[in-house]
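So the structure is just underneath, and the comments pick up after that.
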Amino acid sequence: MAETRRFYIEPEQITGDRAFITGQDAKHAKKVLRLAKGDPVVLLDNSGLEYMGVILSAGARDMEVEIQDRRLGATESPLKIDLAMAMIKTSKMDKLLKGVTELGMHGWRPFYASRSVPKVKDPEDRRDRWKKIAAEAVKQCERVRLPEVHAPVSFEELCAISAEYDLGVVFWEKSRTPFQQVLQSRLDSPPKSVLVVIGPEGGFEDHETARLEESGMVHAGLGPRILRAETAALASCALIQAGFGDLGGLPRLAVRS
């Protein structure tokens, strides 16, 4: 059976039991995917709903879809995980964004640390690029919501947003606090939102981790091996998702010591 294709559309593109796929998505659907009248599609409008439909017509610039069913998506994590990632090389940053989106990341918050090398000339242009990358990753893993993608901010701006989260964890190679200790300390009051903070290639400077702690975050280590920044980010998000979210298909915090 052929794969049912998924498309993101704006809420205003849905009226009653009719919806329209427009622009480049419509062109791609017709010319590349060879979708035509009668083919099934799944539409998503970032509301958490999935709209199952059938193509009624495939024009040169848009496709009309009849919506036959609506259902609440079941692929979003109950935990809000935002990744604050220090800026690293562009290709690594792009690849990392795909991976953490698949892991259920809620928000992408890049920032500049002292050792961040690349400087983005056009932050909004880079943000648009990241949004497209995240959207493709969401389609691949069948999520129903797009991550919130932010433009890069300064280190001090990052510290200022930490109060918005139930828990902020700085994963740092010099930390002697195992993540399991952080997990155990929150078993009785599991967080609903977590900010994961990862340093750049070369790591944080000591004054930066001290400043992050001053802003209310805790630090944790990832074991005895030194990991690349992008590897540490993936491992950290996976640990947080397994400990407080839904990774592995288990209820939140089902295992207690």
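The values are calculated or read from the model by the stated rules, or taken from the named source; none is laboratory data. Just so it is clear, the model here is predicted, and its values are computed rather than measured. All Cβ positions, even for glycine, are placed from backbone atoms using ideal geometry, and neighbour counts span all protein chains on display. The area values use the complete protein model at the heavy-atom level, side chains included, leaving out ligands, DNA and RNA. Shrake-Rupley method; radii C 1.70, N 1.55, O 1.52, S 1.80 Å.
Per-structure values
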quantity	calculated
Number of the exception - A84 against (1) small (G, A, S); (2) assigned to a strand (DSSP E or B); (3) modelled with pLDDT under 95; (4) under 17 Å from the mean Cα position of the chain (by Cα)	(3)
T15 being open to solvent by 80 Å² or more (accessible area, probe 1.4 Å) and farther than 22 Å from L234 by Cα	yes
Of the criteria (1) modelled with pLDDT of 95 or more; (2) under 19 Å from V144 (Cα atoms), which one I55 fails	(2)
Filter result (closer than 15 Å to G199 by Cβ and of a type outside the set (S, T, N, Q)) within segment 154-186	F155, L158, C159, G168, V169, V170, F171, W172, E173, K174
Residue match in segment 181-199 (condition: in contact with a helix residue (DSSP H, G or I) (Cβ under 7 Å, 6 or more places away or on another chain), over 27 Å from D94 (Cα atoms) and not hydrophobic (A, V, I, L, M, F, W, C))	yes
Check on D45, without any contact (Cβ under 8 Å) to a residue 60 or more places away in the chain, over 30 Å from G243 (Cβ atoms), open to solvent by less than 50 Å² (accessible area, probe 1.4 Å) and of a type in the set (D, E, K, R)	yes
Residues (assigned to a loop (DSSP other than H, G, I, E, B) and either touching a Ser or Thr at 6+ places or on another chain (Cβ under 6 Å) or closer than 15 Å to N46 by Cα (or both)) located in segment 6-20	I9, E10
Residues that are open to solvent by 50 Å² or more (accessible area, probe 1.4 Å) and touching a strand residue (DSSP E or B) at 6+ places or on another chain (Cβ under 9 Å), drawn from segment 79-94	K80
Enumerated helices (runs of 4 or more DSSP H) restricted to segment 128-218, each holding at least 2 residues that are acidic (D, E), open to solvent by 20 Å² or more (accessible area, probe 1.4 Å) and farther than 30 Å from L72 by Cα	155-161, 206-214
Any chance L56 is in a loop (DSSP other than H, G, I, E, B), touching a residue at least 12 places away in the same chain (Cβ under 8 Å) and either under 30 Å from V169 (Cα atoms) or touching a strand residue (DSSP E or B) at 6+ places or on another chain (Cβ under 8 Å) (or both)	no
Residue selected from segment 114-126 under the condition more than 30 Å from V144 (Cα to Cα) and out of contact with any Asp or Glu (no Cβ under 6 Å at 6 or more places or on another chain), by the criterion modelled with the lowest pLDDT	P118
Selected residue [part of a loop (DSSP other than H, G, I, E, B), of a type in the set (D, E) and surrounded by 13 or more Cβ atoms within 10 Å (Cβ to Cβ)] from E76, E64, E50, E3	E76
Whichever residue in segment 21-33 is open to solvent by less than 80 Å² (accessible area, probe 1.4 Å) and either polar (S, T, N, Q) or in a strand (DSSP E or B) (or both) and, among such residues, is nearest to R143 (Cα to Cα)	I21
Filter result (open to solvent by 70 Å² or more (accessible area, probe 1.4 Å), more than 24 Å from G168 (Cα to Cα) and either assigned to a helix (DSSP H, G or I) or among the hydroxyl-bearing types (S, T, Y) (or both)) within segment 95-127	E124, D125
